[in-house]
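Derivation of every value follows stated rules applied to the coordinates shown; laboratory data play no part. Here the structure is a predicted model, which is why all the values come from computation and not from measurement. Please note: Cβ atoms are built from the backbone with ideal geometry, for glycine as well, and neighbour counts cover all protein chains shown.
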Amino acid sequence: MDDFDNVIVSSGIEYGEWTQNAEKFLEERKFDNKKLAVFISSYYAGEEDLYDHAYENFLMKILNKYNHVKPVKIAAFGGRIPKKELPKIADQRLLGRIPEHQNDNRDWDKIEAWAHEVGKIFSED
Ligand SMILES: Cc1cc2nc3c(=O)[nH]c(=O)nc-3n(C[C@H](O)[C@H](O)[C@H](O)COP(=O)(O)O)c2cc1C
């Protein structure tokens, strides 16, 4: 971490939670004097009517939990669930939204725009 001025931390969401390693990283690392950006990837965040739920519960809740985490930019993006993972998901609210052919609701324009904005902030003095 000493070698870096800028850090991006992200997690996929599983069963409403950050993955263990990603949350541990956010919790344990110090980001003093670094610019930090944080994003999540979650199927809910890619669905218009569930976006607010994902933003509040999967992103803001974690950021509010750790006082030392003060990102310069955040985002909640949609996700992609590999077909082989689908049978693992017991949550009917989630499964009901995923027809065979639509297991990917990422919005690449939104992701690219965010990445450019983060790049700009990271390269400012
Ligand atoms: C086992 C499993 C559980 C998941 N649970 C949720 C969930 O509770 N809410 C949600 O919005 N997305 C859920 N997803 C979808 C993931 O958030 C989505 O696939 C995301 O893109 C995963 O990111 P990753 O590929 O970086 O791990 C789940 C996916 C899997 C495989």
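Structure above, values below:
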quantity	calculated
Point-to-point label distance, GLN92-GLU14, nm (Cα→Cβ direction, 7 Å offset)	2.4
31 Å Cα-Cα threshold exceeded, pairs from LYS61/LYS84; LYS24/LYS84; LYS34/LYS88; LYS88/LYS120	LYS34/LYS88; LYS88/LYS120
C-alpha long axis of helix 108-123 to longest principal axis of the chain, angle in °	10
In order through the range 71-83: 3J(HN,Hα) via Karplus (6.51 cos²θ - 1.76 cosθ + 1.60), integer Hz, x for Gly, Pro	x, 7, 7, 9, 7, 10, 10, x, x, 9, 10, x, 4
Cα lying deepest toward the dipole's positive end in the chain, options PHE25, ILE89, ALA76, charges on Cβ	ILE89
LEU36 long-range amide H proximity, modeled H, under 5 Å	VAL7, VAL72
Structure-based [θ]222 nm, the chain - -39500 (n - 2.57) summed over DSSP H runs of at least 4, per residue, nearest 500	-8000 deg cm²/dmol
Along the chain, longest interval not containing exposed chymotrypsin sites (Phe, Trp or Tyr not before Pro), exposed being DSSP loop plus at most 10 other Cβ atoms within 10 Å	16-125
Electrostatic dipole magnitude of the chain [Cβ: Lys, Arg +1; Asp, Glu -1; Cα centre; debye, to 20]	260
